[in-house]
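The values are calculated or read from the model by the stated rules, or taken from the named source; none is laboratory data. Predicted model only: the values in this text are computed from it and were never measured. Please note that ligands, DNA and RNA were not included when accessible areas were found on the heavy atoms of the full protein model with its side chains. Shrake-Rupley method; radii C 1.70, N 1.55, O 1.52, S 1.80 Å.
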Amino acid sequence: MTDTAPAARPITDPMLRLARLDESDEIDALMKASTRDLFPTFYDDAQTEASVQYIAVVDRNLIEDGTYFGLEANGELVACGGWSRRDRLYTGSGDASGDARLLDPATEPARVRAMFVRADWTRRGLGTRILEACEAAARAEGFQTLALMATLPGLPLYERFGFEVLERVDITLPNGMTIGCARMEKPIPR
């Protein structure tokens, strides 16, 4: 009798789809794992852990609004991200009273939000696929510009996609820890 290794599951091309509320826990786990795995190259241990707690947080409004995407391969989420027509630039920006205000597509940029990729799926074009979907959806609603607050791990992706840095900023998280970020914008081609 011979021992044979079980056949490896074939890796499928990830399927882009809208995220669902019933998978909020899976999205949360993906966000936190991505942050723990990818942030230490750019931030120290304390900054990384603060980011896990305050940045890698599911915003249920994005899912409810139908503006948050997941990329699924072999039945597992491997990337997530989305955009918003609401006036909130990033999750760690607190609970300001105007966060739920709908933006004016003619004069204000749509917000790209909460982009995360599992560490073993980076550099495969998943972030670009999500950004393309965000841009197309925002364009369909009349937006002319995309804006985001980039953490340092995402900066190269956003620059490749055509975003320009407007300013480098230190964001203070609710526990007082600061992390370096970049406020970015990109016109949406017609």
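Rounded to the nearest 10 degrees, the angle from helix 126-140 to the longest Cα principal axis of the chain is 40 degrees.
Does the range 93-178 classify as rounded, prolate or oblate by the C-alpha gyration tensor (a ≥ b ≥ c root eigenvalues; a/c under 1.5 gives rounded; else a/b over b/c gives prolate, otherwise oblate)? In terms of gyration-tensor shape, oblate. With each run of n ≥ 4 DSSP H residues scored as -39500 (n - 2.57), what mean residue ellipticity at 222 nm is computed for the chain after dividing by its residue count and rounding to the nearest 500 deg cm²/dmol? Estimated from H runs of four or more residues: -8000 deg cm²/dmol. Scalar couplings 3J(HN,Hα) for the range 108-121, obtained by applying the Karplus form with A = 6.51, B = -1.76, C = 1.60 to θ = phi - 60°, are 10, x, 5, 9, 7, 9, 6, 8, 9, 10, 4, 4, 7, 10 Hz; x denotes Gly and Pro. Largest first, the residues Tyr43, Tyr90 sort by 1.4 Å accessible area into Tyr90, Tyr43. Answer rounded, prolate or oblate for the range 19-96, using the Cα gyration tensor with square roots of eigenvalues a ≥ b ≥ c: rounded when a/c is under 1.5, else prolate when a/b is larger than b/c, else oblate. It comes out oblate by the Cα gyration axes.
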